[in-house]
Amino acid sequence: MKENLLSAIKAHDFNAIRTICFGLSEEERLKLKVFFLDTPITQMYDIPKSWAKNVPNDRIVMAYAFMCLSDQREEILHFERKNNICPWYAKGVFYDFLSTAFYPELLALIQAPQGAYLKEELPQMYQENAEYISFEMLWLLYKMDLIPFNEKLFVENFYHKNVSYREEPFFIDLLLQYPEIATQILAAAPKYIYTYLYDTEYILAMYHILAKNNYFTNRDIVKQYLEALLNPWKKNILNAYCRWIEVINPTADEVIENQYTFFSLLTLGNTALINFAMKQLQKAANASTFDFQSFVDNFALCFTIQKIAKSQLIGVEILEKHYQKQVPTNRDYSEQLAVLFTVPDAQLQEKVASLLTTYFNHEGFPEVIAPYSDYLKGKAQDLLQSLPSPSSSENSENSENSENSENSHSSHNSHTSQTASTTRTLTPVPCPLTPEDLLFLLGDCLRERTAETIDLFFEGIVQLQESLPANYTKELAPYLKKLMKSHYLDSVTTIIKGFLYCYSHQKPLEIPPYQYTYEESNALREKLDEAAFEEYLLWDRLYKHKIFMPFLFHKAQLTLKYLNEKEVLPFLSTPTHEPFYIDTEIFVDKLLQYEAVNKQPDLHDLIVACNRLIFTEVSAAAKEKARQLKGDYAKAIQYYLGLTDEVQPTEELLPLWTQISRIKHPDREFPEFETTSAKEIPSVVKPYYIGYGWTKWRGRDIFTFHNYDIGYDEKIEKGYWIEHYRNSFSPLYYNACGGSTPLSTEVNYLLSLNPHYPDAILCGYIANNACGADEIRNMQLPLEAVLRYDLRVRHSGWLYIGACLLYDKRPSRDLAYEYILQALARGEDLHYVGHYLSDALAMHFSPINRFVEFLDRPTRDPKVKAFQRKVVALYLEEAKKQDKLPRNHKKLEEFSN
């Protein structure tokens, strides 16, 4: 008998288990109970030891068999604890049966005489752990009068617990057996289901099955669900209710009955609700009781909503059908309808143009549509071209003036494209003059984290060190105290925090060599006092952040060194003009100060100073002073300022030479570096161009940009991008973005380190999805800074602009469009970004609809139109090489024709 029972357990045959256990004599039952209690599960069969671990359900089936053998709940709990069966969330395996799809087996047990002992304890178990009991079990226990009906509990368990079972036949059969569930549970959903849903697809599938079985006979559920849509709930919850209503399929009469609710949905600005409402209203638009005027008033609020062209077309068709019966009398409505021309959908525009020319073609109509002429496309443009232009002569004159103004503006921009940075240097940066100024500046540093605050603070504390009061560290204490309470700061703030700590405690900014694991640091906390452990945490954070901002970390070290040595020589890299530029003459004067005292300037400080230098307009006085330079850097500076054209790199100053040569001549090749150790570093010999395309990673294809010189790291690679990877070459090679890329929230300071050639920095922020907040910020904040500071991209920096133009999020696309407009106005060559855009579209990396949005933007600028046509032509050539045409390929084909 024991062998038969074990075989049934192994086969998961619940019927056989009950038959065997219920057919035992009392003596056999007691012997089997002793066997189960004394023998571990893993020793009951001649099976592999891993069986019980890999198939935990076998333990539950074993517990079920013991439940059939036992007559006391305490024995079951003892058996479960001994064999470690009890689930983590429940108080016994009995609860596991109450909470899973095995409820029929449990019912079969508790309804048998041998399981009556469990039936008696169900009410108490319900009170102890009701939230873990499945809806199926709750409902059946309620129907057996063992527990009371609790609407909130029943509804929440129905929609939140075991949702993957909702489309299973056993669950559907239960619902069909009890049609009152539709009224008591489904109709009550809006009262309790409004914060989250685990998986709407299974629930939706259940609604479909129920609808096919004519389950929703009580139609009050339609009104209850519709009224729920007026709540300010999350988008996914509202979408779920919309889909459920669509499955329930309101009739035309029900739409009429609830038409004002549908009209209200049109005013909420939610695209999903508008699309849903318009489809339903279409059913009842021909009814005599349809309130057309209310529809017209509410529909007008949808005209400026994006991405609902199909719904807007439905609305216009409803207007057209009504106007065919009754001609409109409100001519002012044409001004509202004309707004729909801003929607870049040819079919909608054609329908609106037809409606306007048929019913609103009155005096003054040309003036109504004139502001939207740039938006028109296709047949809508043909329909409206025959209309006379308002004030033709005046418009002609304005057009001529506008064209002259545009040409003048373009010419001016072209002339100043190389000197845009110098325009911003007209505003000098004020230096702190007193210790009190330094305190205010420190607050600005922590808030703004820009070069004109941080670098000026370091400069000020060095220059004012002799006038600082003896207790100055006490005045800095409130800032440090606040920073020490926060351990998860960005790189810039962490380094400032490290500087303040070392300055206040008279310590050098040198990170100890030790690094502990998480477990070791926890053990260390028990040994160290609070102050010592805080210091350890500070070193730990600095160790991790210095690789993202090596220059700032180095400058903090230099500042502490200068303060310790009472050195008052100025930093070369301190900005002299907003936002981070350095005047050439002031820079040369500082170098001469170093030479006067026979001191060598710091190389890192010198390189960043050259990166920030206003080198395009050098005064005669600055050139004359530069000729007096005698240091080993003199030839490099003289070359940079135009005193010589000869590139003479040395190994010691190789990073300096590579930086200034590329900044001075962005498009030139430099064979002088081909024999140096830096020849393989991007941007040194040739301009900074990187590859891109599809590659294999972990057996799947991903689209990457090859701006890092190392392979994938299996430990930290996310699987879609390598933005936080580190280049192996020195961070002194800013033109190639040596080192690691920090968070995009710190991009203002990062761009200040190399504003004349930011291409490599920008490439470090390209993301090919919008799956997280970091990726979204990466594709927005750097471009905002580029536009704010009026920076120029030269080579592969255009990949970042192109990637933003095709990115998931509209703000990034808008910023990229603005940059492209400015570049075209400056007369720049956009051939490279045009090739990238065509490749990204043809190679199935970016959806064509995002580029169509760029094509649909209203403009009369011939340069923009020419660029658009060029990209489409390149795309069509590239698409021919692909095995499969991208989705929406026809849209670009139509544009080319």
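No value in this document is a laboratory result; all are computed from the given coordinates. None of the values given here were measured: they were computed from a predicted structure. Don't worry about glycine lacking a Cβ; one is built from the backbone with ideal geometry, like all the others, and counts go over all protein chains shown.
Taking the number of other C-beta atoms within 10 Å as the exposure measure, put Tyr215, Tyr142, Tyr207 in order starting with the fewest.
The fewest-first ordering by Cβ neighbours comes to Tyr142, Tyr215, Tyr207.
What list of ³J(HN,Hα) couplings, whole Hz, do you get for segment 635-648 from phi and the Karplus terms 6.51, -1.76, 1.60, once you set θ to phi - 60° and write x for glycine and proline?
3J(HN,Hα) across segment 635-648, in whole Hz: 4, 5, 5, 5, 5, 5, 8, x, 7, 8, 10, 8, 8, 10.
Would you mind checking Lys497/Lys544; Lys482/Lys561; Lys310/Lys870; Lys474/Lys507; Lys223/Lys283; Lys223/Lys325 for any pair whose Cα atoms are more than 21 angstrom apart? Don't skip to the end; give the middle numbers.
Numbers: Lys497/Lys544 14 Å; Lys482/Lys561 25 Å; Lys310/Lys870 30 Å; Lys474/Lys507 16 Å; Lys223/Lys283 16 Å; Lys223/Lys325 31 Å.
Going by Cα-Cα distance, Lys482/Lys561; Lys310/Lys870; Lys223/Lys325 fall outside the 21 Å limit.
Rounded to the nearest 500, what is the chain's calculated 222 nm mean residue ellipticity when only DSSP H runs of at least 4 contribute -39500 (n - 2.57) each, over all residues? Show your work: numbers first, answer last.
Numbers: 50 runs with 508 residues, N = 897.
Here the helix-only value at 222 nm equals -16500 deg cm²/dmol.
For a quick check: with amide H placed at 1.01 Å from N, whose amide H comes under 5 Å from Val429's, ignoring anything fewer than 5 positions away on the same chain?
Answer set, sorted by chain and number: His577, Glu578.
Given labels modelled 7 Å from the Cα in the Cβ direction, how far is it in nm from Glu652 to Asn236?
Here the modelled spin labels are 6.2 nm apart.
In segment 692-896, with Lys and Arg counted as +1 and Asp and Glu as -1 at Cβ, which of these residues, Gly739, Leu762, Tyr875, has the Cα nearest the positive end of the dipole, that is, farthest along it?
So the residue furthest toward the plus end is Tyr875.
What is the distance in Å between the Cα centres of segment 817-856 and segment 732-752?
25 Å
Return the sequence-ordered ³J(HN,Hα) values of segment 349-364 in whole Hz as given by the Karplus equation 6.51 cos²θ - 1.76 cosθ + 1.60 applied to θ = phi - 60°, using x for Gly and Pro.
4, 4, 5, 5, 4, 5, 5, 5, 5, 7, 10, 10, 7, 10, 4, x
Which peptide among 113-119, 642-648 comes first, and what is the full order, when sorted by highest mean count of other Cβ atoms within 10 Å?
113-119, 642-648
Quick one: Cα centre-to-centre distance for segment 216-233 and segment 579-657, in angstrom?
A separation of 74 Å, based on Cα centres.
Evaluate the distance, in nm, between pseudo-label points positioned 7 Å from the Cα of Leu77 and of Asp645 along their respective Cα→Cβ axes.
The answer from the label model is 9.4 nm.
At 37 °C and a viscosity of 0.692 mPa s, what translational diffusion coefficient does Stokes-Einstein give for segment 776-897, taking Rh as the Kirkwood radius over Cα pairs? Give it in µm²/s as a whole number. Mind dumping the intermediate values first?
Details: Rh = 14.6 Å.
My calculation gives 225 µm²/s for D.
If the reach is capped at under 29 angstrom between alpha carbons, list the lysines near Lys33, excluding any in the same chain fewer than eight residues apart.
Those lysines meeting the cut-off are Lys2, Lys10, Lys49, Lys53, Lys82, Lys91, Lys119.
Grab the beta carbon distance between Gln324 and Glu246, set R0 = 22 Å, and tell me the FRET efficiency rounded to 0.05. Could the numbers behind the result be given before it?
Numbers: r = 29 Å, r/R0 = 1.30.
After rounding to 0.05, the efficiency reads 0.15.
Would you mind calculating the relative contact order of the chain from Cα pairs under 8 angstrom and at least 6 residues apart, reporting the percent as a whole number?
Answer for the chain is 6 percent.
Which residues' amide hydrogens lie under 5 Å from the amide hydrogen of Tyr581, considering only partners 5 or more residues apart or on another chain, with H built in the peptide plane?
Thr576
Given the C-alpha centroids of segment 480-499 and segment 236-281, what is the distance between them in whole angstrom?
Between the Cα centres of segment 480-499 and segment 236-281 lies a distance of 51 Å.
Expressed in nm to one decimal, what extension gain is obtained for the pair Ala532 and Asn15 from 0.36 nm per residue of sequence separation less their Cα-Cα distance?
Taking Ala532 through Asn15 to full extension adds about 179.6 nm, to one decimal.
With N residues in the chain, what two-decimal value do you get for its Cα radius of gyration over 2.2 N^0.38 Å?
The reported ratio for this selection is 1.26.
Assign unit charges at the C-beta atoms only (+1 for Lys and Arg, -1 for Asp and Glu), then state the dipole size of segment 692-896 relative to its Cα centre in Debye, rounded to the nearest 20.
On the way: 27 positive and 26 negative charges, 102 e Å.
With only Lys, Arg, Asp and Glu charged at Cβ, the dipole is about 500 debye.
From the phi angles alone, apply the Karplus equation (6.51, -1.76, 1.60; θ = phi - 60°) to segment 601-615 and give each ³J(HN,Hα) in whole Hz, x where the residue is Gly or Pro.
Taking θ as phi minus 60°, the curve returns x, 5, 5, 4, 5, 5, 5, 5, 4, 5, 4, 8, 6, 7, 9 Hz for segment 601-615.
Taking the Cα centre of the chain as origin, work out the dipole magnitude from +1 charges on Lys and Arg Cβ and -1 charges on Asp and Glu Cβ, in debye rounded to 20. List each step's numbers first, then the result.
Numbers: 92 positive and 117 negative charges, 196 e Å.
The dipole magnitude comes to about 940 debye.
Can you tell me the order of 545-557, 64-76, 355-367, 253-265 when each peptide is scored by its average per-residue count of other Cβ atoms within 10 angstrom, highest first?
Result, highest mean Cβ count within 10 Å first: 545-557, 64-76, 253-265, 355-367.
Rounded, prolate or oblate: which fits segment 692-896, taking a ≥ b ≥ c as square roots of the Cα gyration tensor eigenvalues, rounded meaning a/c under 1.5, else prolate when a/b beats b/c?
Oblate shape, in that a/c is at least 1.5 and b/c is the bigger or equal ratio.
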